[in-house]
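Read the figures in this text as sums done on the coordinates, not as results from a lab. Here the structure is a predicted model, which is why all the values come from computation and not from measurement. Reconstructed Cβ throughout: ideal geometry from the backbone, glycine too, with neighbour counts over all protein chains shown.
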C-alpha cells in the first residue's frame, strides 16, 4: 500500500496547486468545504471507475485526458479573471456549478488513469481507491484553505492573482506536454 500512497501524492499535487489558486479567489469557507467534498468524491470514485473499466478506458481517453484537464484549468482561470473584473465577481463564482462539479471532475482524470494502472497490476480495488482518493482529496483541501489563508496577505483584488495563477498553470502544463 506504500506504493499506492506515493501514487496518491503524485497524482494529488495538481489538486494542491489548483486548490491553492481557487482558495485565493475569495470563496467562502462553506463553498470551499463543498468543493473539497466533491474532490474527495471524485478522487475516490474515479479510480473505482478506472479499475472497473480497465484497458478499454485507457485506450479511449489516454491522449485526451490530459488535454481535457488543461482546458478545464484554463477555463477556470479565465472564469475567475472575468468574474474578478466584474462587480460582485467572487460571489458569482461561488454560486456557479463549474467550481463545484467541473473542476473536481477534471482534476480526478489522473486518478482514473491511476485506477486503470493499479487494476491491471492486481492491486485491491476498494482499498486502492480509498487511499488514492483520501490522499488526493486531502491535498486539494489543504490547497483550498492555504490559498484562502494566503489571501489575507495579498492585495485586495487577490482573485485576479488566482485567475492569472490558474491560467499560468494551464499554460505550463500544456508546454510540458508538448515538450
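Overview of results
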item: Residue exposure sequence - 18, 11, 4 - by fewest surrounding Cβ within 10 Å; result: 4, 11, 18
item: Computed lengthening from residue 3 to residue 130, 0.36 nm per intervening residue step minus Cα-Cα distance; result: 44.4 nm
item: R0 of 22 Å, Cβ-Cβ distance residue 171-residue 150: FRET efficiency to nearest 0.05; result: 0.55
